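*Asks:* Once you've had a glance at the structure underneath, I'll fire off some questions.
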Amino acid sequence: MVLKRERGKGIGAGLSRITRDWALQNGADTIMSEVWDDDERSLAFVRRFGFETERRSWQSVLDLASGEESASAADAAVIERLEDEGIRFVSLADLSPAEDALRQLHALETGTYVDIPGFTGDTMPYGDWLKWGLQVEGYAPERVIVALNDDQPIGICNVIRNDETGGMYHQYTCVAKEYRGRGIALALKLLAIRLALREGAGYLRTDNDSMNAGMLAVNRRLGYKALRGRYRVVAKL
Ligand SMILES: CC(C)(COP(=O)(O)OP(=O)(O)OC[C@H]1O[C@@H](n2cnc3c(N)ncnc32)[C@H](O)[C@@H]1OP(=O)(O)O)[C@@H](O)C(=O)NCCC(=O)NCCS
């Protein structure tokens with residue numbers, strides 16, 4: 001980035017050249033970066049330097065100020081249908097022994113990371129996942145909604161609370177591969193909305209990726225509205 005008042009003087013172009021040379025010297029074959037989707041000038045800049053748009057990501061927000069659930073009756077019925085099929089919905093606080101439950105959630109969550117379109121990280125070992133994946137600021141075991149089949153966790157929706165804004169954020173939602181396409185993510189997110197309403201949250205936020213068709217379908221159906229987003233841009237060296 002270049003300070004607004006210093007733009008148009010070639011500083012950004014100079015920094016880009018130095019970065020590119022440094023990356024090449026260190027054996028890199030690709031550079032990735034991010035640009036706001038409404039920043040035409042910066043988009044034109046990165047294109048000039050050989051970057052191409054790979055995907056768009058943005059946050060979506062569900063306004064809960066009315067205090068009422070906006071899901072359709074048909075979508076709300078999905079929870080009952082799944083319960084009839086033998087799926088149970090509990091919170092992490094209901095599961096014991098806690099250590100065993102955490103180990104199972106770790107396996108389930110980290111096993112699904114590779115299915116997130118655009119995921120570039122490593123699978124986190126248990127201790128790292130506890131700290132960076134699950135028990136982040138605003139976490140509470142009561143806010144981790146778990147779908148169980150035969151007492152085995154098969155889906156998770158972890159919502160965290162932002163005490164400063166009074167809102168909540170979807171930290172992570174996933175469903176085990178063999179249980180996808182049955183409405184389990186929809187049910188988990190509906191239960192998260194109900195939880196947020198019970199706790200008096202003003203909104204629920206989530207991150208979206210243009211290539212995650214499944215999650216987008218769920219969020220749109222539940223009434224999440226897209227905010228300003230960012231393009232991930234990639235340059236091959
Ligand atoms: C995204 C994810 C949670 C969806 O779970 P799921 O239980 O299969 O989703 P649901 O069955 O509740 O789907 C609800 C709706 O979304 C649609 N949908 C689901 N996956 C879809 C896909 N790949 N493409 C298009 N639509 C899809 C379904 O058709 C369904 O609508 P319908 O009932 O009218 O057919 C699951 O694929 C997953 O765990 N992915 C890896 C983790 C991830 O990407 N998490 C979110 C980002 S952090």
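*Asks:* Surrounded by 15 or more Cβ atoms within 10 Å (Cβ to Cβ) and more than 16 Å from the ligand (Cβ to nearest atom): does that describe VAL218?
*Replies:* no
*Asks:* Continuing with the same structure: Residue check: is PRO97 open to solvent by 30 Å² or more (accessible area, probe 1.4 Å), at pLDDT 95 or above and over 30 Å from VAL35 (Cβ atoms)?
*Replies:* In short, no.
*Asks:* Does SER57 fit the bill of being open to solvent by 70 Å² or more (accessible area, probe 1.4 Å) and at pLDDT below 95?
*Replies:* Spelling it out, it is not the case that SER57 is open to solvent by 70 Å² or more (accessible area, probe 1.4 Å) and at pLDDT below 95.
*Asks:* Out of (1) open to solvent by 20 Å² or more (accessible area, probe 1.4 Å); (2) more than 9 Å from the ligand (Cβ to nearest atom); (3) outside any helix (DSSP H, G or I), the odd one out for ILE145 is which?
*Replies:* In the conditions (1) open to solvent by 20 Å² or more (accessible area, probe 1.4 Å); (2) more than 9 Å from the ligand (Cβ to nearest atom); (3) outside any helix (DSSP H, G or I), ILE145 misses (1) alone.
*Asks:* Looking for something of a type in the set (S, T, N, Q), touching a residue at least 60 places away in the same chain (Cβ under 8 Å) and within 12 Å of the ligand (Cβ to nearest atom) - is there at least one such residue anywhere in segment 152-169?
*Replies:* No, every residue in segment 152-169 fails to be of a type in the set (S, T, N, Q), touching a residue at least 60 places away in the same chain (Cβ under 8 Å) and within 12 Å of the ligand (Cβ to nearest atom).
*Asks:* Just name the residue that is nearest to MET215 (Cα to Cα) out of those in segment 82-114 that are outside any helix (DSSP H, G or I) and free of Cβ contacts under 8 Å to residues at least 12 places away in the same chain. Please lay out each step first, then the result.
*Replies:* Start the filter on segment 82-114 by keeping residues that are outside any helix (DSSP H, G or I), which leaves 85-91, 95-97, 114.
From what is left, the residues that are free of Cβ contacts under 8 Å to residues at least 12 places away in the same chain are 96-97, 114.
Details: SER96: 29, PRO97: 31, VAL114: 15 Å.
Here the residue is VAL114.
*Asks:* Just for segment 172-211: of the residues that are assigned to a strand (DSSP E or B) and modelled with pLDDT of 95 or more, which one is farthest from the ligand (Cβ to nearest atom)? Give the derivation first.
*Replies:* Filtering segment 172-211 down to residues assigned to a strand (DSSP E or B) leaves 172-175, 203-209.
Now drop any that are not modelled with pLDDT of 95 or more, which leaves 172-175, 203-206.
Working: TYR172: 5, THR173: 5, CYS174: 4, VAL175: 4, TYR203: 18, LEU204: 14, ARG205: 13, THR206: 8 Å.
For segment 172-211, the residue satisfying everything is TYR203.
*Asks:* From the list ASP100, ASP75, ASP163, pick out the single residue that is assigned by TED's automatic domain parsing to the domain that holds LEU216, acidic (Asp, Glu), touching a Lys or Arg at 6+ places or on another chain (Cβ under 7 Å) and more than 26 Å from ARG55 (Cβ to Cβ).
*Replies:* On the way: ASP100 fails: touching a Lys or Arg at 6+ places or on another chain (Cβ under 7 Å); ASP163 fails: touching a Lys or Arg at 6+ places or on another chain (Cβ under 7 Å).
On inspection, the qualifying residue turns out to be ASP75.
*Asks:* Go through segment 26-54 and report how many residues are part of a loop (DSSP other than H, G, I, E, B) and open to solvent by less than 50 Å² (accessible area, probe 1.4 Å).
*Replies:* 6
*Asks:* May I pose another question? Looking only at segment 159-171, decide whether some residue is among the aromatic types (Phe, Trp, Tyr), in a strand (DSSP E or B) and buried (at least 19 other Cβ atoms within 10 Å of the Cβ).
*Replies:* Filtering segment 159-171 for residues among the aromatic types (Phe, Trp, Tyr) gives 169.
Among the residues that remain, those that are also in a strand (DSSP E or B) are: 169.
Filter again for buried (at least 19 other Cβ atoms within 10 Å of the Cβ), leaving 169.
Yes, some residue in segment 159-171 is among the aromatic types (Phe, Trp, Tyr), in a strand (DSSP E or B) and buried (at least 19 other Cβ atoms within 10 Å of the Cβ).
The values are calculated or read from the model by the stated rules, or taken from the named source; none is laboratory data. Because the structure is a prediction, the values reported are computed rather than measured. Methodologically, a virtual Cβ is constructed for each residue, glycine included, from the backbone with ideal geometry; neighbour enumeration extends over all protein chains shown. The area values use the complete protein model at the heavy-atom level, side chains included, leaving out ligands, DNA and RNA. Shrake-Rupley method; radii C 1.70, N 1.55, O 1.52, S 1.80 Å.
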